[in-house]
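The values are calculated or read from the model by the stated rules, or taken from the named source; none is laboratory data. Every value quoted in this text rests on a predicted model; they were computed, and no experiment measured them. Note: ideal-geometry Cβ built from the backbone for every residue, glycine included; neighbour counts use all protein chains shown. Only protein heavy atoms, including side chains, enter the accessible area calculation; ligands, DNA and RNA are left aside. Shrake-Rupley method; radii C 1.70, N 1.55, O 1.52, S 1.80 Å.
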Amino acid sequence: MKLLSSLLFVSVFSILSNLAQEQLIQNVYLRESTSLNGMWKYIVDPYENGFYNYRLEPFEKQEKPQKSAFFKNAKQEDKTELLEYNFDKSDSISIPSDWNSQKENLFYYEGTVWFKKSFNYNIKKENNRVFVHFGASNYETDVYFNGEKLGKHIGGFTPFNYEITHLLQKKDNFLVVKVDNKRKKEGVPTLNTDWWNYGGITRDVKLIETSSTFINDYFIQLNKNDRNTINGKIQLNGSDISSKEIQIKIPELKINKKIKTDKNGVTTFKISSKKIKYWSNKNPHLYEVFLKINDDIIKDKIGFRTIKTSGSSILLNDEKIYLKGISIHEESPFRGGRGYTKKDSKKLLTWAKELGCNYVRLAHYPHNEHMVRLADEMGILVWEENPVYWTISWKNKETYNNAKNQLAEVISRDKNRASVIIWSMANETPTSNARNAFLTSLAEFTKKEDPTRLISAALEQSDYKNSKTIRTINDDFADIVDVLSFNQYIGWYDGLPEKTEKISWKITQNKPVLISEFGAGAKKGFYADKNTRWSEEFQEEVYVKTLKMLDKIDQLQGLSPWILVDFKSPRRVLPEIQDGYNRKGLISEKGEKKKAFFVLQKFYNSKD
Ligand code: GCB
């Protein structure tokens with residue numbers, strides 16, 4: 001027994017240490033930083049030759065890693081030495097980006113690619129510290145700096161950072177990054193999804209320079225139960241963090257407060273003000289917030305609002321709100337491939353606004369930080385989602401820790417964004433005891449990390465008792481969520497559009513209901529009668545009829561139909577129609593609006 005428990009401890013410990021990351025630096029976009037974006041060298045390595053020797057033992061675990069380990073980046077000075085790689089003579093690729101849409105021969109590639117970036121760096125002030133920060137890279141990432149391993153990160157859509165101060169030189173630094181996007185059964189997501197598995201360093205890479213003691217993280221939000229009080233928590237990082245004075249300023253509210261940290265470098269505070277202009281979709285007011293320690297000042301723009309449910313209503317600042325939404329994948333509306341620029345996000349959110357939306361569902365994984373920062377500015381409420389999709393390995397502890405870690409990272413990154421109102425745990429997951437325990441545990445963790453927001457998940461619907469015409473939500477996880485959301489495709493996967501006329505809904509939970517998905521595929525420019533699959537008219541008909549059906553659900557508080565733009569998916573192979581795209585977009589990948597766009601627009605305008 002003792003042996004078993006210590007074995008268990010060892011394996012859990014090794015899992016945790018594998019995933020353990022340095023604490024995320026909050027607000028990287030408004031801090032002083034140096035971009036490492038641009039052209040990087042890369043080597044495609046399907047056999048992971050640069051990582052393992054011919055006995056498949058990792059080089060990095062050996063006492064003296066040979067120069068054939070790619071992260072050593074050995075220079076070929078000794079002409080007699082056998083080296084079978086050379087970054088500097090290899091091809092270049094632009095970072096950030098996914099390799100699939102940049103390099104034709106890597107379109108379907110799933111495996112390892114090594115990247116290298118060389119740079120010089122002059123520290124701005126003695127004793128300052130430097131961190132390398134990745135917005136995201138998909139899926140497993142091993143990071144090496146000047147020949148030393150910094151760490152490994154798992155998960156394709158959340159940020160991570162490592163300190164490099166101790167290894168940094170003025171000249172010829174080299175960052176080597178191994179990215180592996182092989183899908184794995186035990187992964188999050190798992191083997192099977194309905195989107196393109198874009199590989200690479202897909203978001204910005206930055207060097208962040210800080211003072212030796214600095215404000216690493218903070219969480220500043222309105223008190224959920226008292227709209228005149230702002231609650232905050234600040235965390236320092238450094239060797240001198242105890243009893244330090246921090247100044248908090250919100251000039252527009254005439255707030256100027258000084259507080260001291262405890263011995264762990266943490267401080268919590270409450271500030272009262274009767275003059276707060278609440279952030280809302282109609283008035284997305286953001287306050288400039290300044291946090292100061294010694295000579296270091298961090299600026300952020302934070303909106304103050306509350307979000308709650310009461311019975312079947314959703315309350316924003318204690319007022320009922322109907323969520324007029326749309327689901328969005330993170331693909332660039334300009335280039336195809338992964339979206340990662342502010343311009344990509346702006347275009348997608350501008351389309352959503354044009355559709356009449358006050359809300360978006362960012363499916364099925366955390367999108368880039370520009371998206372939520374812009375949503376803050378544009379007054380769009382946001383559902384963020386963990387990539388726990390379909391058939392995850394529910395019983396695997398490592399899978400759970402991975403899902404929890406990814407969730408922790410997105411919560412950490414976006415906890416100061418007023419636009420984010422819902423954390424979604426999962427999408428269309430089949431019910432079982434193991435799945436219920438997995439999701440419940442994630443939900444409990446989320447509530448602890450962030451008690452200010454709502455929890456949901458895109459569930460599935462089923463027949464009510466034995467009725468063929470009444471639908472219901474029969475899922476134990478429905479008792480855990482704050483907002484009851486589900487996907488349904490009556491009229492597309494489930495019968496023809498007229499079936500919607502026969503279906504009614506019996507939803508027994510006294511909670512707000514959001515329809516997280518409905519939709520139908522249509523090829524832009526294919527016009528036919530409304531009974532012809534793939535025509536714009538068929539899709540239009542599904543929208544007209546589905547909206548009529550759903551509007552009859554008493555607790556309905558909003559929708560996020562599937563989906564704003566056609567997106568790439570290897571599941572969608574029908575020639576001349578799909579050609580590798582899921583066609584349920586209201587807009588084609590070329591930016592052309594389909595007829596159904598205007599049906600939803602009209603419906604949303606009628607909800608004002
Ligand atoms: C769903 C999934 C979504 C798919 C969509 C479809 O239910 O949640 O990821 O892309 O259906 O088009 O089938």
Out of everything in region 186-202 that is open to solvent by less than 10 Å² (accessible area, probe 1.4 Å) and away from the ligand (no atom under 16 Å from the Cβ), what residue ends up being farthest from VAL266 (Cα to Cα)? GLY199
With the checklist (1) outside any loop (DSSP other than H, G, I, E, B); (2) buried (at least 18 other Cβ atoms within 10 Å of the Cβ); (3) more than 16 Å from the ligand (Cβ to nearest atom); (4) not β-branched (Val, Ile, Thr) in hand, flag the one item LYS548 doesn't pass. (2)
Restricted to region 293-324, and to residues that are touching a residue at least 12 places away in the same chain (Cβ under 8 Å) and among the polar types (S, T, N, Q), which residue is surrounded by the most Cβ atoms within 10 Å (Cβ to Cβ)? THR306
Residues being open to solvent by 10 Å² or more (accessible area, probe 1.4 Å) and within 16 Å of the ligand (Cβ to nearest atom): count how many of those fall in region 418-433. 3
Some residue of region 246-269 being within 21 Å of ARG453 (Cα to Cα) and modelled with pLDDT of 95 or more: yes
How many residues of region 98-120 are in contact with a Lys or Arg (Cβ under 7 Å, 6 or more places away or on another chain), part of a loop (DSSP other than H, G, I, E, B) and surrounded by 13 or more Cβ atoms within 10 Å (Cβ to Cβ)? The answer is 3
Run down LYS415, LYS397, LYS342 and say which single residue is surrounded by fewer than 22 Cβ atoms within 10 Å (Cβ to Cβ), more than 16 Å from the ligand (Cβ to nearest atom) and free of Cβ contacts under 8 Å to residues at least 60 places away in the same chain. LYS342
Would you point out the residue of region 486-504, among those that are more than 12 Å from the ligand (Cβ to nearest atom) and in a strand (DSSP E or B), that is least open to solvent (accessible area, probe 1.4 Å)? ILE490
Checked ALA457, ALA443 against criteria (open to solvent by less than 60 Å² (accessible area, probe 1.4 Å), part of a helix (DSSP H, G or I), out of contact with any Asp or Glu (no Cβ under 8 Å at 6 or more places or on another chain) and of a type in the set (A, V, I, L, M)); the one match is ALA443
Residues that are among the hydrophobic types (A, V, I, L, M, F, W, C), at pLDDT 95 or above and open to solvent by 20 Å² or more (accessible area, probe 1.4 Å): does region 78-94 have at least one? no
All but one of (1) within 16 Å of the ligand (Cβ to nearest atom); (2) touching a helix residue (DSSP H, G or I) at 6+ places or on another chain (Cβ under 7 Å); (3) hydroxyl-bearing (Ser, Thr, Tyr) hold for TYR365; which doesn't? (2)
